[in-house]
Amino acid sequence: MSGHSTYQPQGKFLQWLETRLPIGGLIHSSFVAYPTPRNLNYWWTFGGILSFMLGVQIVTGIVLAMHYTPHVDFAFRSIEIVMRDVNFGWLLRYLHANGAAMFFLAVYIHMFRGIYYGSYKEPREVLWILGVIIYLLMMATGFMGYVLVWGQMSFWAATVITNLFSAIPGVGDAIVTWLWGGYAVGNPTLNRFYSLHYLLPFAIAGVVVLHIWALHVVGQNNPTGIEPKSEKDTVAFTPYATIKDGFFMVVFCILFAWFVFYIPNFLSHADNYIPANPAVTPTHIVPEWYYLPFYAILRAIPDKLMGVIALGASIVILAFLPWLDTSKVRSARYRPLFRQFFWLFVIVCIGLGWLGSKPPEGIYVILARIFTVYYFAFFLVILPLLGIFEKTKPLPNSISESVLGAKA
Amino acid sequence: MTTVSSAEHTRRDFLYIATGAVGAVGAAATLVPLIAQMNPDASTIAAGAPIEVDLAPIADGQIIKVFWRSKPIFIFHRTKKEIEEAQKVNVADLPDPEPDSARVKQGHDQWLVIIGICTHLGCIPLAHQGEYDGWFCPCHGSQYDTSGRIRRGPAPKNLPLPPYKFVSDTKIQIG
């Protein structure tokens, strides 16, 4: 459903270029004439916001790399120098650190929107799976970036996360030594994390191109979950979607700026302002907020190997969502039962996040187990069965009918 | 240019297979240095040479921490009560059954020498904490007894023993 290109190059140079590299036509058909469903709401603006946040992270990251030293003796100090001495260093680092949090906030909203409106269903399975790959790359990138700070939380996060691989029977310890480049997390580990932290955002950008390509092949889903049938159901990307995306991006930036300028350390941990010390583990270690639900799942299971498997499965299961959800109806708007289970799922995910930040004892462990069971049951039991038993509401005949009423 | 389609094997088929095979072997061989470079380098391995530790200054009940191969080693001078606690446990009830005698050198019951890395996810347990007078791991709540054996929590194994020997009554060599 790529837009019919009506692109007419203006001026001699653009005409000359278009016959040699038709990039003007590509941009025009993708971001100007591209037809978008006329009923998209603000939840559809997060794709644009995410592209913007990736840009923010790459730009601030490249300049921070000009001041950072990836060595165990200098890493922590070089970041303090960024904060105190480098011109606007405090701003660039707070943008980068809080930018990561905003990036994850946006991606979670984007993912929940996809689940609510069934955006992963045929023919958008590949689009969805590319999104899951981007999310995995984001998690790896975010984790390694956090380690570069080389504070106490950085060091012990690196230790705990790399040790997850030690659960693999037989070769686990060899893999962990290989990841470290030593017998513990140390200078070789920091060096390779720095190399990969610089590389992975560009890998993300590459997969984002594939994600947008797949999107433009199958077209956007919309709140009704039914495909556009006539020209009345769509509007041109520009100006309609560009202004909507742009407006909400600015609103999102206000939130971002509020964090950066007023509470820049709200999401970080005081322990990470203590330089890394391999001899002492902080008494209460927790990952960054965006990993907490998975951390809670890990801790909910009393067995090491099973805990690690559950942690991995909780992420990988997302890739199978298009086949686990058996309902033919996409949008939760017409699925009364699914809608209730969906909101319960959102509450469970946030609940797991809260439990991940609590110490692993007493009621917290019991709640984490209950929530973990629901998390997996949502995918493996509820979604497959709902498609069979749920009585869905009647779908409108077209997008324009749902917007304008039957008279249209 | 014409396309030759023939069920018979041609010299081009041979070239395809031979080129592909050599290419695959070459690509696989290239992976060896690319993967091997991530393993500990020569200086890291060399830095893991044995160390000697003098036990004389360690008081009754005290635990000291030394580093060997960048791993913390706990040296625990156990009191009589702590030795008894470790010995009277019913070994069969333990998650990772090991008698206390297998965790110390014969005739040196008071000295417990273990690698101080939680066998769950690698945190360093806190000494003299938890319900078994041994160690408590702050990360995920594993508890070890006065013999460094796992008693409760997600850790699957006892705290491991480093290779070490007594060079005299008050001196050990680790490594």
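Applying the set (1) surrounded by fewer than 23 Cβ atoms within 10 Å (Cβ to Cβ); (2) at positive phi; (3) not aliphatic (A, V, I, L, M) to B:Ser101 leaves exactly one unmet item: (2). Of all the numbered requirements in (1) within 21 Å of B:Pro163 (Cα to Cα); (2) touching a residue at least 60 places away in the same chain (Cβ under 8 Å), B:His128 misses one, and that requirement is (1). Taken over region A:276-322, residues that are among the charged types (D, E, K, R) and either more than 8 Å from chain B (Cβ to nearest Cβ) or within 23 Å of A:Tyr108 (Cβ to Cβ) (or both) amount to 2. A single member of A:Tyr135, A:Tyr108, A:Tyr94 is modelled with pLDDT of 95 or more, farther than 20 Å from A:Val316 by Cα and either hydrophobic (A, V, I, L, M, F, W, C) or in a helix (DSSP H, G or I) (or both), and it is A:Tyr94.
Restricting A:Pro188, A:Pro169, A:Pro239 to residues that are part of a helix (DSSP H, G or I), surrounded by fewer than 21 Cβ atoms within 10 Å (Cβ to Cβ) and either among the β-branched types (Val, Ile, Thr) or within 14 Å of another protein chain (Cβ to nearest Cβ) (or both) narrows the list to A:Pro188. Annotation: of all residues in region A:135-164 being within 13 Å of another protein chain (Cβ to nearest Cβ) and in contact with an Asp or Glu (Cβ under 9 Å, 6 or more places away or on another chain), the one that is surrounded by the most Cβ atoms within 10 Å (Cβ to Cβ) is A:Trp156.
If you filter region A:295-317 down to residues that are crowded, with 21+ Cβ neighbours inside 10 Å and farther than 21 Å from B:Ile117 by Cβ, you find that the one that is modelled with the lowest pLDDT is A:Ala300. Taking the conditions exactly as written (surrounded by fewer than 20 Cβ atoms within 10 Å (Cβ to Cβ), in contact with a Lys or Arg (Cβ under 9 Å, 6 or more places away or on another chain) and not small (Gly, Ala, Ser)), does A:Arg335 satisfy them or not? The answer is no for A:Arg335. The lone criterion from (1) without any contact (Cβ under 8 Å) to a residue 40 or more places away in the chain; (2) within 30 Å of A:Ser230 (Cβ to Cβ) left unmet by A:Phe378 is number (2). Taken as a whole, the condition of being away from chain B (no Cβ under 14 Å) and surrounded by 20 or more Cβ atoms within 10 Å (Cβ to Cβ) does not apply to A:Phe248. Look at (1) part of a helix (DSSP H, G or I); (2) within 13 Å of chain B (Cβ to nearest Cβ); (3) crowded, with 20+ Cβ neighbours inside 10 Å and you find that A:Tyr364 fails only one, number (3). Confirm whether A:Ile204 is more than 14 Å from chain B (Cβ to nearest Cβ), surrounded by 16 or more Cβ atoms within 10 Å (Cβ to Cβ) and within 24 Å of A:Glu288 (Cα to Cα). Here the answer is yes, as A:Ile204 does meet what is asked. The one condition from (1) out of contact with any Leu (no Cβ under 7 Å at 6 or more places or on another chain); (2) more than 14 Å from chain A (Cβ to nearest Cβ); (3) more than 25 Å from A:Ala174 (Cα to Cα); (4) not charged (D, E, K, R) that B:Thr30 does not meet is (3). Condition first: more than 11 Å from the chain's Cα centre (by Cα), within 10 Å of another protein chain (Cβ to nearest Cβ) and part of a loop (DSSP other than H, G, I, E, B). Now tell me which residues in region B:147-163 satisfy that. Hits for region B:147-163 are B:Gly153, B:Pro154, B:Ala155, B:Pro156. Taken together, the residues in region B:125-149 that are of a type in the set (A, V, I, L, M, F, W, C) and in contact with a strand residue (DSSP E or B) (Cβ under 6 Å, 6 or more places away or on another chain) amount to 4. Kindly establish whether A:Tyr273 is hydroxyl-bearing (Ser, Thr, Tyr), under 20 Å from A:Val56 (Cβ atoms) and more than 14 Å from chain B (Cβ to nearest Cβ). It is false that A:Tyr273 is hydroxyl-bearing (Ser, Thr, Tyr), under 20 Å from A:Val56 (Cβ atoms) and more than 14 Å from chain B (Cβ to nearest Cβ).
Taken together, B:Gly107, B:Gly134, B:Gly122 contain a single residue that is within 14 Å of chain A (Cβ to nearest Cβ) and outside any helix (DSSP H, G or I), which is B:Gly122.
The values are calculated or read from the model by the stated rules, or taken from the named source; none is laboratory data. Quick caveat: nothing in here was measured; it's all calculated off a predicted structure. Virtual Cβ from ideal backbone geometry, glycine too; neighbours counted across all protein chains shown.
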